[in-house]
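One structure is given here, and the rest of the page talks about it.
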Amino acid sequence: MMLVESLYSRIKILALISPPLVQKPKLAFLFISRNRLPLDMVWDAFFQGDKENRFSIFVHSRPGFLLSKATTRSSYFLNRQINDSVQVDWGEASMIQAERVLLENALMDPFNDRFIFLSDSCIPLYNFSYTYDYVMSASTSFVDSFADTKEGRYNPKMHPVIPVENWRKGSQWVVLTRKHADIVVKDDTVFPMFQTHCKRKSLPEFWRDRHVPSDNSKEHNCIPDEHYVQTLLAQKGLEREITRRTLTHTSWDLSSSKEYERRGWHPLTYKLADATPTLVQSIKAIDNVYYETEYRREWCASKGKPSTCFLFARKFTRPAALRLLNTSALGVSSEATS
């Protein structure tokens, strides 16, 4: 009897000394990838900085692709692809369908509190703790969003379900609160309009792989992923609940590029020769973003103080990203903070 009482007393003391661990809110990292994740080892170093189980990973890749020991070197990504992925075609609503499927899977975990969309060419610029504190300290979603008045991507056939005054444009690489993620998944009004009226413009004759309408003058290169979340939240009257900028840096200003293949609609790809500490520091030094169509300059802040604008950057080739990792230019280890 004395032995049982003594053991019970020891258990009570241990319980007081070591209270049960409380699960902190988690960041859900949602990767949209073609197949494997070429920068998996960069992210492996990043995730090693978390010692408190504050993240989860979901990967959308082509249907049937398996992240296994044969296709990823990082244990963090093993079997992390979702099972209900869709075939994604550029410029079609299938891209936003993939985003919705990712969110639907991530919302199943009640501890996932922020939802971060990333491409397979994204790199983190800071360590996990800095990233976590930056995102979680904000009560808003981070959604790059501005009035789209120049490119004529809005299809008048969307009216009156989506009036032109609610039409928005911005980066697809958003960070959503749980409330906004749930709104995206449950949306049964805006998404069907995008599926029906937001399509890719027909290719020139020698590229055609499908029927071309006799009059394609009113076709739109809508690019759904650059409009859907932004327009949905504007439609719902929730723009006061978002910080209207992205946390992922992309270089679109290619007017001064001397390399012809680097010009065009697609963003600049950083190659091995580009991957220098100077490049990383130049991105980290950006503290504001200017939106030409709204004559608006967004000064970046975190916890009420001026801050860097970006936590992630794209598009990096595997050699470029590994070079930055090996030279410690990214600062993704748990010891680095800037």
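Below, the figures for the structure above:
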| item | result |
| --- | --- |
| Greater than 25 Å apart at Cα, pairs in Lys199/Lys236; Lys51/Lys305; Lys51/Lys315; Lys24/Lys303; Lys284/Lys305 | Lys51/Lys305; Lys51/Lys315 |
| Added length on full extension, which subtracts the Cα-Cα distance from 0.36 nm per residue, Glu239 to Gln195 | 13.5 nm |
| Debye equation applied to the C-alpha atoms of region 88-176, log10 I(q)/I(0) at 0.15, 0.19 Å⁻¹ | -0.79, -1.13 |
| Region 268-338 - percent relative contact order, Cα under 8 Å, separation 6 or more | 40 percent |
| Rounded to whole Hz, the Karplus (6.51, -1.76, 1.60) HN-Hα couplings of region 47-58, x for glycine and proline | 5, 5, x, 9, 10, 10, 6, 10, 8, 9, 10, 9 |
| Carbon + sulfur, % of accessible area of region 140-183 - ligands and nucleic acids excluded, 1.4 Å | 57 percent |
| Solvent-accessible area, 1.4 Å probe, carbon plus sulfur percent, for region 264-336 | 56 percent |
| Between region 166-191 and region 64-128, the alpha-carbon center distance in angstrom | 16 Å |
| Volume in Å³ per residue [convex hull over Cα atoms, computed for region 28-153] | 128 Å³ |
| Derived scalar couplings ³J(HN,Hα) [region 110-118; Karplus, 6.51 cos²θ - 1.76 cosθ + 1.60; whole Hz; x for Gly, Pro] | x, 8, 6, 10, 10, 10, 10, 8, 9 |
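The values are calculated or read from the model by the stated rules, or taken from the named source; none is laboratory data. Nothing here was measured: the structure is a model prediction, and the numbers come from that model. Keep in mind that these areas ignore ligands, DNA and RNA; they rest on the heavy atoms of the full protein, side chains included. Shrake-Rupley method; radii C 1.70, N 1.55, O 1.52, S 1.80 Å.
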